[in-house]
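Visitor: Below is a structure I'd like to ask you about.
The values are calculated or read from the model by the stated rules, or taken from the named source; none is laboratory data. Here the structure is a predicted model, which means the values were calculated and not measured. All Cβ positions, glycine included, derive from the backbone under ideal geometry; neighbour counts span all protein chains shown. Areas reflect the complete protein model, heavy atoms only, side chains present, ligands, DNA and RNA absent. Shrake-Rupley method; radii C 1.70, N 1.55, O 1.52, S 1.80 Å.
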Amino acid sequence: MAAEFEQLIKDHGGRILAIARRYADTDAVDDLYQEILVQLWRSIDSFRGDAKPETWIYRIGFNTAMTSVRKQIRLREGKAILNNQSRSEESLGGRCQAEILSEFMDSLADIDSSIMMMYLDGLKGQEISSILGVKINTVQVRINRLKKMFSDRYLEVE
Amino acid sequence: MMELDDLKTTWKKEVKMTTKIADFNSIKCEVRKLDKQAKVSWSIEAIGALFGIFSTAIFTWIWIDEPAIFTQVIAVILIASLIYSARLFFGIQQTETRDDLTLLAKLNIQIEKREKEVKMLRNFAVVQLIPMFSIMTLASYAVYIELTGRVMPSIAFMIGWGVCLAYFIFLHFYNRNHLNNKFLPALEQLYELKKQLDG
């Protein structure tokens, strides 16, 4: 079980770190990352019947981020890593996509931000709804709303 | 025109980035430490309650040869209040919401626990501090009578009561402070998240 867990962390460490960066202040990211790892290890048994590791990681990651570290959550500061990593990427109106992604996510409430993360990661509506505990229709409506919000905000003519 | 789906590649890049190496041993150590802390915390509370109950019973019905009715009544009240307090503290950890591992269930569980804590802290003075202070004052007075045979408490004994009263007043304001600065903001955040989830 330990080897299986280590492999999972090796494969999905970036995803866990991305969740921690989204939900903790810059100086608390390490603590949240560690806390999510601890919770993942504790709930490794619940993963065995789960279909995809991504689903399990988002499930435990969001649960931990939103219910366990209430004192440190939010005030999302600039996501320096994300912004710095792709300065050379294709730009849109002078800004790179990573900056736009970071800015848009920061403007969202926690739940919308979590839905967006999972959507961008390719999770299906059914999987997102099973993680959050809401109806699939609710998830679809919110994804459509996010798409519209994004289009309205970043509509640009090249 | 740029669309949300255009950011999928960017997000995938972020989730693939990992600069951290997870130390598996430290995770296991952390889990062991947390489990140990939880066990120690529960044990201290349980041992404290049991110690209070047993020491009261032993003192009243074994150590004292012929305890006065007053002493016995106070001992019974003290034991009953200790059992009540223990049940209250243990009850806070119990929730009716079933944990199905979804975020909604986790939020509901946290809200249920925090609501119980807030309710308890709001009524702490009336439900816990005042009765406990009264019972302890009476219990110590009963012990005083049993040991000295005197009805009128000495100055030193009354100073002891005064110190005890000051301690209970401190506890009251400490709890109020905790309630306003920790529990209520946490509960507000949880309500806000639930509202977002429902909305």
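Visitor: Just need a number here: residues in the stretch B:105-133 that are touching a helix residue (DSSP H, G or I) at 6+ places or on another chain (Cβ under 9 Å), open to solvent by 40 Å² or more (accessible area, probe 1.4 Å), of a type outside the set (Lys, Arg) and closer than 30 Å to residue B:73 by Cα.
Guide: Here the count works out to 4.
Visitor: Here is a follow-up. Taking the stretch A:149-158 only, how many residues are in a helix (DSSP H, G or I) and facing chain B (nearest Cβ under 7 Å)?
Guide: Within the stretch A:149-158, the first condition is being in a helix (DSSP H, G or I), and the residues that meet it are A:149-154.
When the remaining residues are screened for being facing chain B (nearest Cβ under 7 Å), the result is A:150-151, A:154.
Final tally of qualifying residues: 3.
Visitor: May I ask you to say which residue of B:71, B:60, B:56, B:102 is within 14 Å of chain A (Cβ to nearest Cβ) and open to solvent by less than 70 Å² (accessible area, probe 1.4 Å)?
Guide: On the way: B:71 fails: within 14 Å of chain A (Cβ to nearest Cβ); B:60 fails: within 14 Å of chain A (Cβ to nearest Cβ); B:56 fails: within 14 Å of chain A (Cβ to nearest Cβ).
The match here is B:102.
Visitor: A further question follows. Condition first: of a type in the set (Gly, Ala, Ser) and at the interface with chain A (Cβ under 7 Å from one of its Cβ atoms). Now tell me which residues in the stretch B:184-199 satisfy that. I'd like the intermediate steps shown before the answer.
Guide: If we filter the stretch B:184-199 for residues that are of a type in the set (Gly, Ala, Ser), which is where we start, we get B:186, B:199.
Result: B:186, single match.
Visitor: If a residue has to be more than 8 Å from every other protein chain (Cβ to nearest Cβ) and not in a loop (DSSP other than H, G, I, E, B) to count, how many in the stretch A:120-131 make the cut? Spell out how you get there, then give the answer.
Guide: Initial filter on the stretch A:120-131 (more than 8 Å from every other protein chain (Cβ to nearest Cβ)): A:123-129.
If we keep only those that are not in a loop (DSSP other than H, G, I, E, B) too, we end up with A:125-129.
Matching residues across the stretch A:120-131 total 5.
Visitor: Residue under question is residue B:158, and the condition is that it be open to solvent by 50 Å² or more (accessible area, probe 1.4 Å) and assigned to a helix (DSSP H, G or I); does it hold?
Guide: Working: open to solvent by 50 Å² or more (accessible area, probe 1.4 Å): yes; assigned to a helix (DSSP H, G or I): yes.
Yes, satisfied.
Visitor: Also, I was wondering about something else. Filter the stretch B:177-199 down to residues that are without any contact (Cβ under 8 Å) to a residue 12 or more places away in the chain and not charged (D, E, K, R) and give me whichever is farthest from residue A:112 (Cα to Cα).
Guide: We begin by selecting, within the stretch B:177-199, every residue without any contact (Cβ under 8 Å) to a residue 12 or more places away in the chain; these are B:177, B:180-182, B:185, B:188-189, B:192, B:195-196, B:198-199.
Right, trim to not charged (D, E, K, R) and you get B:177, B:180-181, B:185, B:189, B:196, B:199.
Numbers: B:177: 33, B:180: 29, B:181: 27, B:185: 21, B:189: 15, B:196: 8, B:199: 10 Å.
Residue satisfying both the conditions and the ranking: B:177.
Visitor: Can you say whether residue B:46 is within 14 Å of chain A (Cβ to nearest Cβ), open to solvent by 30 Å² or more (accessible area, probe 1.4 Å) and aliphatic (A, V, I, L, M), as far as the supplied structure shows? Talk me through it step by step, then tell me what you get.
Guide: Values: within 14 Å of chain A (Cβ to nearest Cβ): no; open to solvent by 30 Å² or more (accessible area, probe 1.4 Å): yes; aliphatic (A, V, I, L, M): yes.
When the stated conditions are applied, residue B:46 does not pass them.
Visitor: With respect to the numbered conditions (1) part of a helix (DSSP H, G or I); (2) modelled with pLDDT under 85, which one is the sole condition not fulfilled by residue A:77?
Guide: (1)
Visitor: Restricting to the stretch A:1-36, what's the tally of residues that are farther than 23 Å from residue A:112 by Cα and open to solvent by less than 20 Å² (accessible area, probe 1.4 Å)?
Guide: Summing the residues that are farther than 23 Å from residue A:112 by Cα and open to solvent by less than 20 Å² (accessible area, probe 1.4 Å) in the stretch A:1-36 gives 3.
Visitor: So, one more: Just give me the residues in the stretch A:132-148 being facing chain B (nearest Cβ under 10 Å) and either part of a loop (DSSP other than H, G, I, E, B) or touching a residue at least 12 places away in the same chain (Cβ under 8 Å) (or both), in sequence order.
Guide: If the condition is that a residue be facing chain B (nearest Cβ under 10 Å) and either part of a loop (DSSP other than H, G, I, E, B) or touching a residue at least 12 places away in the same chain (Cβ under 8 Å) (or both), then A:132, A:133, A:134, A:142, A:143, A:146 are the ones that fit.
Visitor: Would you confirm, using the coordinates I've provided, whether residue B:23 is more than 8 Å from chain A (Cβ to nearest Cβ), more than 30 Å from residue B:133 (Cβ to Cβ) and open to solvent by 70 Å² or more (accessible area, probe 1.4 Å)?
Guide: Working: more than 8 Å from chain A (Cβ to nearest Cβ): yes; more than 30 Å from residue B:133 (Cβ to Cβ): yes; open to solvent by 70 Å² or more (accessible area, probe 1.4 Å): yes.
The answer is yes for residue B:23.
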